[in-house]
Structure formats: C-alpha cells, structure tokens
Amino acid sequence: MAVSTSFRISDAARRRLTSRAADEGVSATALLDRLIIEGIEQLDYPEIVFRGLARNRRAALAGGPDVWEIIGRLRELDGSTEERIATLSEESELRPRLIRVAVDYAAEHADEIRRRMDHNADMVERSRRAAEERGALLA
C-alpha cells in the first residue's frame, strides 16, 4: 500500500529525476520508489547492482552474472552448499565470497529469484518449441 510522504529535494535532483523518469516512461514517483529500494539493497549488499530496463530490473553481482543465474547453476550442482560454491567458483572464477553474497541476497528475495528462474525456463522452452517448429516446417 502506498503512503503519501513529504520531503524536500534539491532543484537539481528534481530536474534529473523528472528527466530520467520521462526517458524511462515512468512517473517520477515510480522512479524515486525504485531508486530508494535499490539504493537500500545496495547498502545492504554492496556487491549487488541492478541491471535492465525499468520493467525488467534484476539483481546481479557487480561485474558478474545475475543472481538468478548463480542460483540456477548452484541448483544444478551436487554436494553441500559449500561444495557447490567451490565448484562454481572453479568453473566461473567468481570468488566464493561473492557467490555467498548472491546466495544471501537470493535467500532474502527468494520469490523474486524464483520468478526470474521460472521466466527463464519458460523462455528456454518457447525457444526449443520454436526451433522444432522451424525444423518441421523446413523438413
């Protein structure tokens, strides 16, 4: 539920907020809400950044893969959590500490990460079906 809040921002901040919101096709309030939430997340998880367009934002390691990709790969591996982290670290050259940050972020935002992984699985399936249809059409 949205609650009305009043606070003052500088003219420069207001101009930049308004301009950026217009560029993204969202309201200044929606952009400010997103920036506040993502900013606090980045204070809580300094290694996490947010990528993508306004309607498709996703958490990622700074200079690394999206969090959902890390979790998806860890789920494919066998062993304890630490064994999986070690394996992924060897595969990807990501430091184990960063993988743990992604796991911690994902644990706190499990629904978001599950939705992203489910969406990716759906897209893979659609792509597979489209490839089969193209093959059948051209056979």
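When ARG84, ARG114 are checked against the criterion of being of a type outside the set (Val, Ile, Thr) and surrounded by fewer than 16 Cβ atoms within 10 Å (Cβ to Cβ), a single residue qualifies: ARG114. Taken over region 1-26, the residue count meeting the criterion of being surrounded by 13 or more Cβ atoms within 10 Å (Cβ to Cβ) and not in a helix (DSSP H, G or I) is 1. Of the residues ASP66, ASP44, the single one that is charged (D, E, K, R) and surrounded by 13 or more Cβ atoms within 10 Å (Cβ to Cβ) is ASP66.
The single condition among (1) surrounded by 11 or more Cβ atoms within 10 Å (Cβ to Cβ); (2) in contact (Cβ under 8 Å) with a residue 24 or more places away in the chain that LEU53 does not meet is (1). Among the residues of region 88-107, those that are closer than 21 Å to ILE37 by Cβ and surrounded by 12 or more Cβ atoms within 10 Å (Cβ to Cβ) comprise VAL101, ALA102, VAL103, ASP104, TYR105, ALA106. Scanning region 27-47 for residues being in a helix (DSSP H, G or I) and within 17 Å of the chain's Cα centre (by Cα) gives a total of 13.
Sub-7 Å Cβ pairs linking a first residue in region 57-70 that is over 11 Å from ILE113 (Cα atoms) to a second residue that is of a type in the set (Gly, Ala, Ser) and crowded, with 20+ Cβ neighbours inside 10 Å, at least 6 apart or interchain, are LEU61/ALA102, ordered by first then second residue. Scanning region 106-127 for residues that are modelled with pLDDT under 95, not in a helix (DSSP H, G or I) and not aromatic (Phe, Trp, Tyr) turns up nothing. When only residues in region 86-96 that are assigned to a helix (DSSP H, G or I) and in contact with a helix residue (DSSP H, G or I) (Cβ under 9 Å, 6 or more places away or on another chain) count, which is nearest to PRO46 (Cα to Cα)? Within region 86-96, the match that is nearest to PRO46 (Cα to Cα) is PRO96. A single member of LEU32, LEU74, LEU17 is closer than 25 Å to ASN120 by Cα and either of a type outside the set (Ser, Thr, Tyr) or in contact with a Pro (Cβ under 9 Å, 6 or more places away or on another chain) (or both), and it is LEU74.
Close contacts from region 77-95, counting a first residue that is free of Cβ contacts under 8 Å to residues at least 12 places away in the same chain and a second that is assigned to a helix (DSSP H, G or I) and surrounded by 10 or more Cβ atoms within 10 Å (Cβ to Cβ), with Cβ to Cβ under 6 Å and a gap of 6+ residues or different chains, come to LEU77/ARG84; LEU77/THR87; ARG84/LEU74; SER89/PRO96.
The values are calculated or read from the model by the stated rules, or taken from the named source; none is laboratory data. Nothing here was measured: the structure is a model prediction, and the numbers come from that model. Note that we place each Cβ from the backbone using ideal geometry, even for glycine, and neighbour counts take in every protein chain shown.
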